1. Just to check your reading of the model, which residue among 52, 31 is in a helix (DSSP H, G or I), at pLDDT 95 or above, within 14 Å of the ligand (Cβ to nearest atom) and hydrophobic (A, V, I, L, M, F, W, C)?
2. If the requirement is being modelled with pLDDT of 90 or more and more than 27 Å from residue 11 (Cβ to Cβ), which of these qualifies: 263, 182, 246?
3. Considering only the stretch 179-196, state which residues are farther than 23 Å from residue 271 by Cα, small (Gly, Ala, Ser) and part of a strand (DSSP E or B).
4. For residues that are touching a residue at least 12 places away in the same chain (Cβ under 8 Å) and either in a loop (DSSP other than H, G, I, E, B) or touching an Asp or Glu at 6+ places or on another chain (Cβ under 6 Å) (or both), tally how many sit in the stretch 375-408.
5. Given the structure, is residue 336 closer than 25 Å to residue 219 by Cα and among the aliphatic types (A, V, I, L, M)?
6. List every residue pair whose Cβ atoms sit under 6 Å apart, with the two residues 6 or more apart in sequence or on different chains, where the first one lies in the stretch 146-170 and is of a type in the set (Asp, Glu) and the second, anywhere, is within 13 Å of the ligand (Cβ to nearest atom).
7. Against the condition touching a strand residue (DSSP E or B) at 6+ places or on another chain (Cβ under 8 Å) and among the charged types (D, E, K, R), how does residue 334 come out, does it pass?
8. Against the conditions (1) surrounded by fewer than 20 Cβ atoms within 10 Å (Cβ to Cβ); (2) in contact with a Cys (Cβ under 8 Å, 6 or more places away or on another chain), where does residue 265 fall short? Just the number, please.
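The values are calculated or read from the model by the stated rules, or taken from the named source; none is laboratory data. Keep in mind it's a predicted model, so treat the numbers as computed, not measured. Neighbour counts are summed over all protein chains in view; Cβ atoms, including those assigned to glycine, are modelled from backbone coordinates with ideal geometry.
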Amino acid sequence: MEEYNAVIVGGGPVGMALALDLGLRGQRCAVVEKRTELSLIPKGQGLSQRSVEHFWRWGISDELRAARSLPGDFGIGQVTVYDQLQSGIWDALPGRELIQRYYFQKNVRLPQYRTEEVIRRRVAQLPNIDTFFGWTAVDVAQDDRSASVVIERASTKRTLTGDYVIGSDGGRSLVRENAGIARGGTDFGELVALVVFRSAEFNALLEQFPKRTTYRVMAPDLQGYWMFFGRVDDEDQFFFHAPVPADAPDPERAAVELISVAAGEQVACEIEHIGFWDLRVSVAEDYRVGRIFVAGDAAHTHPPYGGFGLNNGLEDAVNLSWKLDAVLRGWAGDALLDTYSPERGDVFRDVGEKLIAGWILDDRRFLSTHAPGEDPDEFKKEFAEVSRGFGKRLSTFEPNYEGSAAVAGPAGGRNGAIGTHTMTARAGHHLSPVQLTSGENVFETLGTGFTLIGLDADDSAVTAIADVARALGIPLAVVRDDRRGERAEYATRLILVRPDQFVAWTGDTAPDDAGTMWRRLLGLPRA
Ligand SMILES: Cc1cc2nc3c(=O)[nH]c(=O)nc-3n(C[C@H](O)[C@H](O)[C@H](O)COP(=O)(O)OP(=O)(O)OC[C@H]3O[C@@H](n4cnc5c(N)ncnc54)[C@H](O)[C@@H]3O)c2cc1C
């Protein structure tokens, strides 16, 4: 029996990212992955600015950019087209550049298997992570002191024991099922095809549009469900998602035929892969049961509309990692681990219901009440409006934990995915990057534990917070500067930043009782 701090079931991108983050914090981890080779389906391609911040912290953002399959200056974003690609009615949305100012890194786009290769290479450098590739987890159990996983390869069985077990074993998670965690959500009852194909002819057809990475076709008869193409490279490889009619006698053939329907003309292509997924949003009712947690697709799945899947999973990993590390090292109480499920679950529910289901319903309403008809120019304007509405909604994706016990948020605050991007430092929100007088970006000075940023703040206020942290063994970096330039936009003198770069507390003076604040944030018993 081998013993670890964390046993991670599932070595997809989320499980490996969790192992990496925990490993860099010095925790001993095992990762169990039943596959020996990566899947070469180019899913989860768009990594958000926020996700790239994680890669920067892990020391592999340059490797990530080097692994791209599109040139660096290729416009990441979407073209929305009415009916089919030749209709002449389309709009090219501004992309994530709208919110670039609020993040320290730029977004990138690359096939998921390349992202996974980059993470795996970094994991291989850490001696405190054991990987069990080719092993399948077959049972999970826990008691008051530990949790364990039985793994199997051929007819050999082994048991791995850990302080905690994390299931990042995908949508059909064994860990979730063994832990008795139920799922809720919405099933739209559609079967959707994913086709990966090569076609130089199709690439030429896209020359009528500005250079973008995805092309969404809003066809009136699809009632808001998407047909969309995505680029894998800038030459001839693409993927295509489309709902397949329920009565199609040969769904694979129907899926391939839909490429030409969406393109508006017959397209010759070489098919590399055809798969299917169910159009449903599902989310685990709890992400924690005792010493067992779920993360990534094991906790939540949804259609790849908007490209949230992998990004949400990576954020789960980062959110859970610092909390496990803090509890394992004894500077946080077990109650801190209870904040993982509401923080991440509430964000996901908003993504599923307000963004993804919201887009489907918005498009359905528009398509059922508008058509080019007699006045095509008027329709084009209305279409551009609805297409831009999509972009606006996308830029309201600002996950925040205002209602979390691990944050000193506003009274009545709630966690969610929808918010406003601003430079103002707000408890529960991601810290925006600013330049310091030294020329460094504040992100380059954040510690691996908590960070207290003092901007023209009284020494006594900084000392009051730092002294309690020292007494409780909480790792705290202190960054001092003035309130000039961009730093004034934080609109506060003191900012306490969590290890995941979310703001825990802000103030102009020290809190009335710094000890009570720290204990509450970290789930420690009262003094
Ligand atoms: C067709 C498709 C297209 C997608 N497109 C996008 C997109 O455009 N943008 C986006 O952001 N996301 C997209 N996604 C979602 C994205 O790919 C997932 O969110 C992401 O893969 C989640 O990572 P994960 O590590 O949680 O799960 P997975 O990638 O599913 O990894 C789980 C791992 O666990 C392993 N495993 C399972 N059971 C066991 C067991 N019992 N023992 C050992 N190992 C086990 C599996 O082999 C697998 O490697 C898409 C998904 C699909 C299916």
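1. Only one candidate passes the filter, namely 52.
2. Result of the check over 263, 182, 246: 263.
3. So the first thing to find is which residues in the stretch 179-196 are farther than 23 Å from residue 271 by Cα, and the list is 179-189.
Applying the additional criterion that residues be small (Gly, Ala, Ser) yields 179-180, 182, 184-185, 189.
Listed by number, the residues that qualify are 184, 185, 189.
4. So the answer is 11.
5. On the way: closer than 25 Å to residue 219 by Cα: no; among the aliphatic types (A, V, I, L, M): yes.
Considered against the rule, which asks whether it is closer than 25 Å to residue 219 by Cα and among the aliphatic types (A, V, I, L, M), residue 336 comes out as no.
6. Going by the 6 Å Cβ cut-off, the qualifying pairs are 152/136; 152/138; 169/9; 169/10; 169/175; 169/298.
7. For residue 334, the condition - touching a strand residue (DSSP E or B) at 6+ places or on another chain (Cβ under 8 Å) and among the charged types (D, E, K, R) - is not met.
8. Failed condition: (2).
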